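Beneath this line is the structure, given in structure tokens, with notes to follow.
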Amino acid sequence: MARPRTFDEGRALDAAMHAFWANGYEATSTQDLCEATGLGRSSIYNTFSSKHDLFKRSLARYIELMTVPQIELLEDPGLPPLERIRVLLARIVEAEFEHRPEGRSIGCLTVNTVVELAGRDPEADAMLVRDQEVRLAALRAAIAAGQLAGTIAARRAPEELARFVNAVVGGMRVAAKGGADRAAVEAVAATALDALAP
């Protein structure tokens, strides 16, 4: 008869997510995952079947934790559209400077995964593409609403501006991970907002 699990699977998943987030997929060993989760190898493999399966579940968990609040913000009818984008960029800055071991941010797990595994992990690629489509759709809708209200420049199509803002967010995260200071990352956000202004 199988022994019942004596650990919190959700807590173990969150711990693994943080290990992959800080170190990347390839640099996170099974031993690192054991230490992060407090589980033995057999428990990890019995529960998650493989390191890759645990990574996919960690990535899905991260996407849920990060994307849902961003979408809620971008769809918030209580804020003008340009203000939604300003708050989004401010939140990115805050997140990047909350925890900076050795003077560098740990970045964003989705951006880190694109940089590390793009084109080499079809399953992770598919997850990231779906996540990006959801975020781009919310950005597009907010930008279109701002253009209609005259508070966001209409020189470019909402799709183009959504991709621009998405690229700015990724660039801010990479810059912070590379060691850029807060003022530098805030300047990128301010420049993006200036570019959106009518």
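The values are calculated or read from the model by the stated rules, or taken from the named source; none is laboratory data. Since we're looking at a predicted model, the values are computed, not measured. Because the Cβ atoms are built from the backbone with ideal geometry, glycine has one as well, and the counts that use them run over all protein chains shown. Just so you know, the surface numbers come from the protein's heavy atoms only, side chains and all, with ligands and any DNA or RNA stripped out. Shrake-Rupley method; radii C 1.70, N 1.55, O 1.52, S 1.80 Å.
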Worksheet item: Sorted by packing (mean other beta-carbon atoms within 10 Å per residue), highest first, where do 131-141, 26-36 land?
Response: 131-141, 26-36
Practice prompt. Can you work out the accessible area per residue across region 59-151, with the rest of the protein chains kept in place, probe 1.4 Å, in square angstrom?
Written response: 51 Å²
Worksheet item: In the set (1) 1.10; (2) 0.93; (3) 1.04, which value of Rg/Rh (Cα atoms, Kirkwood Rh) was calculated from the structure you see?
Response: (3)
Worksheet item: Normalised by the number of residues in the chain, what is the relative contact order in percent for Cα pairs under 8 Å and 6+ residues apart?
Response: 23 percent
Discussion item. What figure, in Å² to the nearest 10, do you get for the accessible area of V129 with a 1.4 Å probe and non-protein molecules left out?
Written reply: 80 Å²
Item to complete: Mind jotting down a quarter of the surface of the convex hull over the alpha carbons of region 121-198, in square nanometres, one decimal?
Response: 5.8 nm²
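Would you list Y62, Y25 from the most to the least accessible area, probe 1.4 Å?
Y25, Y62
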